[in-house]
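Following: one structure in structure tokens, then a few remarks.
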Amino acid sequence: MSVAKKQYKRITVKSLVDMKANNEKISMLTAYDYTMAKIVDGAGTDVILVGDSASNVMAGHETTLPITLDQMIYHAASVVRAVERALVVVDLPFGSYQSDPKEALRSAIRIMKESGGHAVKLEGGKEIKESIKRILNAGIPVMGHLGLTPQSIYKFGTYTVRAKEDEEAEKLKEDALMLERAGCFAIVVEKIPAKLAEEVAQSVSIPVIGIGAGAGVDGQVLVLHDMVGMTHEFNPRFLRRYMNLYEDMTNAISNYVSDVKAVDFPNDEEQY
Ligand code: KIV
């Protein structure tokens, strides 16, 4: 059994808070379908995020904005069917929680009921405090998301590092404290200076999981397709590629095409 899998048979929101208390780093990756989720879970990842990055990675949209609640539920239900150990967190998509707390709760309930996911993630700070509270009051665990929040890309204008200036950094710190006080079980911080991320992680007792936020936080998250090198046009500094699946798959597929053309596949053993 891998080191990662040893301690916890099934990851819960409490396991994550315990990990932080015990100085054990948390591993988190995205997955959007059954087959990938089975691999990610089997390898010992603590948290699987059914991210709205499915909008980019699975559907080819330029931003995360177009993906719908129904589509998120479809992806999440596929992931949940594969997972035996990891905690499955599902993104509430753009437009499903920003207008009012009642709608936010209705969307979160649909995710929990129809996908079987274990928790939801929402982007934003004090602007969505009432929605977060309402969801939490219904017994649904909530993960926050601060820093670069891709659902607000048209407000930001670019995907560059957030909270480099004091004013935005101060707001982010206040938002993190608010999310903890409201009852969130963890916070993702995306693309912010490592020093600020570390400060935030030290200021709250719930886990802070970073993407492009340095090593001083309580865990790391990456988009699976980036991390295995399936995507190859996206090359941010924070991304470590653990393999080059784009190249491997391209070679395998072009070999298959050549074999079919040359009538080398199937051979005698590969037929009935
Ligand atoms: O949707 C997503 O994949 C995310 C991660 C980048 C944290 O929110």
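When residues in the stretch 118-142 are screened for being under 19 Å from G210 (Cα atoms) and free of Cβ contacts under 8 Å to residues at least 60 places away in the same chain, 6 of them pass. Out of the residues in the stretch 75-110 that are of a type in the set (S, T, Y) and surrounded by 15 or more Cβ atoms within 10 Å (Cβ to Cβ), state the one that is nearest to the chain's Cα centre (by Cα). Taking the candidates together, the pick is S78. Note on the stretch 194-230: residues that are more than 19 Å from K25 (Cβ to Cβ) and open to solvent by less than 40 Å² (accessible area, probe 1.4 Å) amount to 4.
Looking at I73, I48, I67, which is the one that is in the same structural domain as M28 (by TED's automatic domain parsing), away from the ligand (no atom under 12 Å from the Cβ) and in contact with a helix residue (DSSP H, G or I) (Cβ under 7 Å, 6 or more places away or on another chain)?
Going through I73, I48, I67 in turn, just one is in the same structural domain as M28 (by TED's automatic domain parsing), away from the ligand (no atom under 12 Å from the Cβ) and in contact with a helix residue (DSSP H, G or I) (Cβ under 7 Å, 6 or more places away or on another chain): I73.
Please verify whether the stretch 42-49 includes one or more residues that are touching a residue at least 24 places away in the same chain (Cβ under 8 Å) and at positive phi. Within the stretch 42-49 (the criterion being touching a residue at least 24 places away in the same chain (Cβ under 8 Å) and at positive phi), the answer is yes, since at least one residue qualifies.
Inside the stretch 21-43, residues that are open to solvent by less than 30 Å² (accessible area, probe 1.4 Å) and over 14 Å from L224 (Cβ atoms) make up a count of 1. Applying the set (1) within 12 Å of the ligand (Cβ to nearest atom); (2) assigned to a helix (DSSP H, G or I) to E174 leaves exactly one unmet item: (1). Looking across the stretch 121-136, the residues that are of a type in the set (D, E, K, R) and within 15 Å of the ligand (Cβ to nearest atom) come down to K121, E123.
Are any residues in the stretch 130-149 surrounded by fewer than 24 Cβ atoms within 10 Å (Cβ to Cβ), in contact with a strand residue (DSSP E or B) (Cβ under 8 Å, 6 or more places away or on another chain) and over 14 Å from A119 (Cα atoms), and if so, which ones?
L148, T149
Residues satisfying the criterion are absent from the stretch 5-23 (criterion: in a loop (DSSP other than H, G, I, E, B), under 16 Å from the mean Cα position of the chain (by Cα) and within 16 Å of the ligand (Cβ to nearest atom)).
The values are calculated or read from the model by the stated rules, or taken from the named source; none is laboratory data. These numbers come from a predicted model, not from an experiment. Note: ideal-geometry Cβ built from the backbone for every residue, glycine included; neighbour counts use all protein chains shown. We work out accessible area using only protein heavy atoms, side chains counted, and drop any ligands, DNA or RNA first. Shrake-Rupley method; radii C 1.70, N 1.55, O 1.52, S 1.80 Å.
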